[in-house]
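The values are calculated or read from the model by the stated rules, or taken from the named source; none is laboratory data. The shown structure was predicted, so the numbers you read here are calculated from the model rather than taken from an experiment. Because the Cβ atoms are built from the backbone with ideal geometry, glycine has one as well, and the counts that use them run over all protein chains shown. In case anyone asks, the SASA skips ligands and DNA or RNA and just uses the protein heavy atoms, side chains included. Shrake-Rupley method; radii C 1.70, N 1.55, O 1.52, S 1.80 Å.
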Amino acid sequence: MRVIDKLKSTKDTLFSFELLPPLKGKSIDSIYAGIDPLIEFKPAFINVTYHREEFIYKKREKGYLEKIAIKKRPGTVGICAAIKNRYNIETVPHLICGGFNKEETENALIDLNFLGIDNVLALRGDPIKTESHFVPEEGGHRYAVDLVKQVVDLNKGIYMDENIENATPTNFSIGVAGYPEKHFEAPNMTADIKRLKEKIDAGADYVVTQLFFDNEKFFKFVEDCRKAGIDVPIVPGLKPIESLRHISFLPKFFNIDLPPALTDELEKCSSNEEVREIGKEWAIAQSKELKAAGVPCIHYYTMGRSSSVKEIASKVF
Ligand code: FAD
């Protein structure tokens, strides 16, 4: 069953999580080792992130620098197919605009369709590290809404080549990203929600949010989305804080705030173990409140570590 069908038909709050492909050279066993402890909570679906190329400079003869593109975490599509095959669980590959032209996107969607993967999370992608702002690929999409439109076209059997006749339509369930604390480039929340509405109007089926630590911000976001006419399921994304480094890294990387009540507790910690304990308790409290509010699903960002999520899930699901 596709993700949107699960979200629409559930009476209880579903459990789902996100994984990162392993670093190039590592075995897929690390993925299975992250999934196995979470299977008992019956994940409704598993997302796999997409990581575009990065550029590095290698020193060559006579002081020349060679610019080399490398993908550190390839394998999103293969991992999705392998998980589906091994566990019979729906997988959701993240599909991004950055680094793809429209034909490459179409071919990626055809691969997914042939593999029996009927879900995508359609995203723009962040600017690459050496760029100050997002630059679309030549012949690629500038915004996630344009990617949504391409997937919707394929769902209608419309391919880029107009000469293709009687094409078999695909049946992708399409998720998109939403930001309870605003996307960092958006001028204000109202404008950001207007953009989100454009993605839904274009045919996206549901929203998964950026991670957040203050449920009030999520509830307000949902309220504002509903007022703006967004009536699709909105899935909250949660990430337990697990290390001292996270205290500054998460706000910086994800453009989110940590509530003062949480930082007051974190300030007392002197080890990762102490932080991990606080982070876990905070995520349990957040999850329980979201579940009581009747959210269709809670989506956990594991970032490759499932032990905290397992402990949280055991208290919530
Ligand atoms: P968009 O919806 O295109 O929005 C980007 C910005 O442009 C926003 O500020 C929006 O308000 C604005 N905007 C939209 N349309 C227009 C328009 N027509 N005119 C002017 N402004 C407009 N990144 C990855 O690289 N790989 C991943 O696997 C990945 N997974 C993610 C999963 C989730 C749940 C989330 C929340 C984010 C994820 N990201 C991932 C990060 C995401 O790619 C970045 O946040 C990116 O900067 C924005 O993506 P988007 O799909 O929200 O973009």
By DSSP, what percent of the beta bridges with both residues in the chain are antiparallel, rounded to the nearest 5?
15 percent
Positive-end extreme of charge dipole, segment 3-316 - chosen from PRO37, TYR64, VAL120 (charges on Cβ)
TYR64
The percentage of the accessible area of segment 205-260 (probe 1.4 Å, all protein chains present) made up of carbon and sulfur atoms, to the nearest whole number, is 56 percent
Treating the Cα atoms of the chain as identical point scatterers in vacuum, please give the log10 of the normalised Debye intensity I(q)/I(0) at q = 0.11, 0.14, 0.15 Å⁻¹, two decimals.
-0.71, -1.17, -1.35
Which helices pass in the chain if a helix is a full DSSP H run, must span at least 20 angstrom along its long axis by Cα, and must have mean Kyte-Doolittle hydropathy not below 1.0?
none
Which residue fluctuates most in the GNM of the chain (Cα springs below 10 Å): LYS239, LYS252, LYS67?
LYS67
Counting Lys +1, Arg +1, Asp -1, Glu -1, what net charge surrounds THR91 among other residues with beta carbon under 14 Å of its beta carbon?
0
Gained length - GLU40 relative to GLU223, 0.36 nm times residue gap less alpha-carbon distance
62.6 nm
Dipole magnitude (debye, nearest 20) for segment 3-316, charges at Cβ of Lys, Arg, Asp, Glu:
560 debye
Given the C-alpha centroids of segment 116-161 and segment 2-42, what is the distance between them in whole angstrom?
23 Å
At 1.4 Å probe size, with no ligands or nucleic acids counted, give the accessible surface of LEU14 in Å², nearest ten.
40 Å²
List the aspartates and glutamates whose Cα sits under 13 Å from the Cα of LYS67, skipping any in the same chain fewer than 8 residues away.
GLU53, GLU54
Working out 0.36 nm times the residue gap between ILE28 and LYS194, then minus their Cα-Cα distance, what length gain in nm do you get to one decimal?
55.8 nm
Amide H neighbours of GLY178 at under 5 Å, excluding residues fewer than 5 places away on the same chain, with H built from the backbone geometry, are VAL208, THR209, GLN210
Theoretical ellipticity at 222 nm over the chain - DSSP helices of four or more residues, -39500 (n - 2.57) apiece, nearest 500
-12000 deg cm²/dmol
Using the heavy atoms of the protein chains alone and a 1.4 angstrom probe, what is the accessible area of segment 3-316 per residue in square angstrom?
50 Å²
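Say R0 is 51 Å: what FRET efficiency, to the nearest 0.05, do LYS288 and TYR64 get from their beta-carbon distance? Provide the component values of the computation, followed by the final result.
Details: r = 58 Å, r/R0 = 1.14.
That pair, LYS288 with TYR64, gives E of 0.30.
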